[in-house]
Amino acid sequence: MFMALGAAGLAAAPGLTWAAAPDLARLPDPPPPIGAAERQAGIAKAQGLMRQLGVSALLVEPGSSLIYFTGIRWSRSERLTCAIIPAEGEIGIVTPFFEEPSVRETLGVPAQVRTWQEDEDPLALVAGWLRDRKMGSGVIGIEETDRYFIPDGLKRNLPGANLRNAAPVVRGCRMIKSPAELALMQRATDITMAAYRYTIPRIAAGMRPGDIGAIMNGATVALGGDPEFSLILLGEAAAYPHGSGKPQSVTPGEVVLMDCGCNVWGYQSDVSRTLVFGEPTARQRLVWSHVQRGQQLAFEAARVGAAAGSVDDAVRGYYTSLGYGPDYRLPGLSHRTGHGIGLDGHEPVNLVRGETTRLAPGMCFSDEPGIYIPGEFGVRLEDCFHMTEGGPVWFSQPSKSIEQPA
């Protein structure tokens, strides 16, 4: 559920703390990182989609899509670095002159690199690259997360171009994960689950959220993952999906909601567990069982060819029959049932009402239909799955019971 802090892991999340876990070792046999051949296959798929859609070139700035297509791991700033992927031929990279050696360190595919100086307009360089390839009046796809100054500056330098949202191209590639991508996501999830099994027995009365998070992050590092987030909600704070700023500490008889994830070579995990420190009440058990059943109903509804929104509908209908909601009202489920996941913790598309995208093999989602009761507590059980021809397959096995959350 929790929004990941960045695809670069620890470097993108300097505020995370962790406690040493010397009794843990890295999980054996790690899968390899994504290689040049797979990135080039992604570029070739994008080029095929571009030709089908009449797009001449695709412009991608730093972020997960740049990593996906080129391997370049770079931060966004006011100085433009970007990739230009033409519908045919070799890609181009535009970057500041003084950054070129650093950018090349992670460039994982053949590319022509053009550099610009501090007193030059980088979008003029992009426009020149396109003109050189007879694309100056073509359709230029803009990756959907590119910042506004990029298409604005390109239009100024290339007034004859037709700029278009390139989501159909990029999503058409990234939404369908390859076996290599699935292996990295599986490893990230295995690490997160092992870290949960290490952390949960070490929760003690009086601990604050940061104390628990530090144990979880330390275990994640020891097991071979880069922590992305560790959201710990205690007691009433669990009734609010992303928590509360009020002071919290572990108290007997109160809910502990943990929403944690890591990355392995940039690919993410996202798993939530809810338990009670001490003996659960009958009400806590009942709500927990409702969420457990809601999660299973979502999994059962996820079938190849089904609309993504129908998964959310299945859960929401069940909750309404129990007296929650209706719709997004509280007590009940105030957020979507799930989100896409991959290089980003949250990716298109979502398992949310009205989403018409059809589920297909290779798509990956979270399944997290929490129930939240303001002023009391909340329960969220979250596991991710990937679609196969035969239906959904879990990355992690859901909780067995409130006493056995992991």
Exercise. Evaluate the following for Val352: is it within 24 Å of Thr145 (Cα to Cα) and open to solvent by 20 Å² or more (accessible area, probe 1.4 Å)?
Key: yes
Quiz item: Is there any pair linking a residue in the stretch 79-97 that is closer than 12 Å to Val126 by Cα and of a type in the set (Lys, Arg) to one that is buried (at least 22 other Cβ atoms within 10 Å of the Cβ) and modelled with pLDDT of 95 or more, with Cβ under 9 Å and at least six apart or on different chains, and which?
Solution: none
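Out of all the residues in the stretch 249-294, which are of a type in the set (Asp, Glu) and in contact with a helix residue (DSSP H, G or I) (Cβ under 6 Å, 6 or more places away or on another chain)? Let's see the steps before the verdict.
Of the residues in the stretch 249-294, the ones of a type in the set (Asp, Glu) are 254, 259, 270, 279.
Within the stretch 249-294, just Glu254 meets the criteria.
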Exercise. Take the stretch 48-70 and flag every residue that is open to solvent by 10 Å² or more (accessible area, probe 1.4 Å) and farther than 16 Å from Trp129 by Cβ.
Key: Gly48, Leu49, Arg51, Gln52, Leu53, Gly54, Gly63, Ser64, Ile67, Tyr68
Practice problem: Kindly list, by first and then second residue, each pair from a residue in the stretch 387-406 that is in contact (Cβ under 8 Å) with a residue 60 or more places away in the chain to a residue that is among the polar types (S, T, N, Q) and assigned to a strand (DSSP E or B), limited to pairs with Cβ atoms under 9 Å and residues at least 6 apart or on different chains. | Solution: Ser399/Thr274; Ile402/Thr274; Pro405/Thr274
Exercise. Take Trp288 and decide whether it is open to solvent by 50 Å² or more (accessible area, probe 1.4 Å) and among the hydrophobic types (A, V, I, L, M, F, W, C).
Key: no
Exercise. Might you let me know whether the stretch 106-123 holds any residue that is open to solvent by 50 Å² or more (accessible area, probe 1.4 Å) and in a helix (DSSP H, G or I)?
Key: no
Exercise. Among the candidates Ala307, Ala282, Ala302, Ala298, single out the residue that is within 25 Å of Glu181 (Cα to Cα), at pLDDT 95 or above and surrounded by fewer than 20 Cβ atoms within 10 Å (Cβ to Cβ).
Key: Ala307
Quiz item: Do we find that Trp74 is hydrophobic (A, V, I, L, M, F, W, C), over 19 Å from Asp344 (Cα atoms) and touching a residue at least 12 places away in the same chain (Cβ under 8 Å) in this structure?
Solution: no
Quiz prompt | Close pairs (8 angstrom Cβ cut-off, 6 or more residues apart or separate chains): closer than 19 Å to Gln296 by Cβ in the stretch 308-334, among the acidic types (Asp, Glu) and part of a helix (DSSP H, G or I) anywhere | solution = Ala314/Glu300
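Taking the conditions exactly as written (open to solvent by less than 20 Å² (accessible area, probe 1.4 Å) and of a type in the set (Val, Ile, Thr)), does Val126 satisfy them or not?
Working: open to solvent by less than 20 Å² (accessible area, probe 1.4 Å): yes; of a type in the set (Val, Ile, Thr): yes.
Here the answer is yes, as Val126 does meet what is asked.
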Practice problem: For residues that are surrounded by 15 or more Cβ atoms within 10 Å (Cβ to Cβ) and within 26 Å of the chain's Cα centre (by Cα), tally how many sit in the stretch 79-90. | Solution: 6
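Quick check, is Gly345 more than 21 Å from the chain's Cα centre (by Cα), more than 15 Å from Arg303 (Cα to Cα) and open to solvent by less than 10 Å² (accessible area, probe 1.4 Å)?
Working: more than 21 Å from the chain's Cα centre (by Cα): no; more than 15 Å from Arg303 (Cα to Cα): yes; open to solvent by less than 10 Å² (accessible area, probe 1.4 Å): yes.
Here the answer is no, as Gly345 does not meet what is asked.
When you scan the stretch 337-345, do you find a residue that is hydroxyl-bearing (Ser, Thr, Tyr), under 25 Å from Cys262 (Cα atoms) and either touching a Lys or Arg at 6+ places or on another chain (Cβ under 6 Å) or at pLDDT 95 or above (or both), even just one? Step through it out loud before you land on a result.
Taking the stretch 337-345 and keeping what is hydroxyl-bearing (Ser, Thr, Tyr), we get 337.
Cutting the leftovers down to under 25 Å from Cys262 (Cα atoms) gives us 337.
Remaining after also requiring either touching a Lys or Arg at 6+ places or on another chain (Cβ under 6 Å) or at pLDDT 95 or above (or both): 337.
Yes: one or more hits.
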Quiz prompt | Single residue of the stretch 356-384 satisfying the filter (in a loop (DSSP other than H, G, I, E, B) and farther than 24 Å from His290 by Cα) that is most open to solvent (accessible area, probe 1.4 Å) | solution = Thr356
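In the stretch 207-317, which strands (runs of 3 or more DSSP E) lie fully inside it and hold 1 or more residues that are of a type in the set (Lys, Arg)?
Details: elements: 226-234, 255-264, 271-276.
Strands (runs of 3 or more DSSP E) meeting the threshold: 271-276.
The values are calculated or read from the model by the stated rules, or taken from the named source; none is laboratory data. Keep in mind the model is a prediction, meaning the values are calculated, not measured. Positions of Cβ are backbone-derived with ideal geometry, glycine not excepted, and every protein chain shown enters the neighbour counts. With ligands, DNA and RNA removed, areas are computed over all heavy atoms of the protein, side chains included. Shrake-Rupley method; radii C 1.70, N 1.55, O 1.52, S 1.80 Å.
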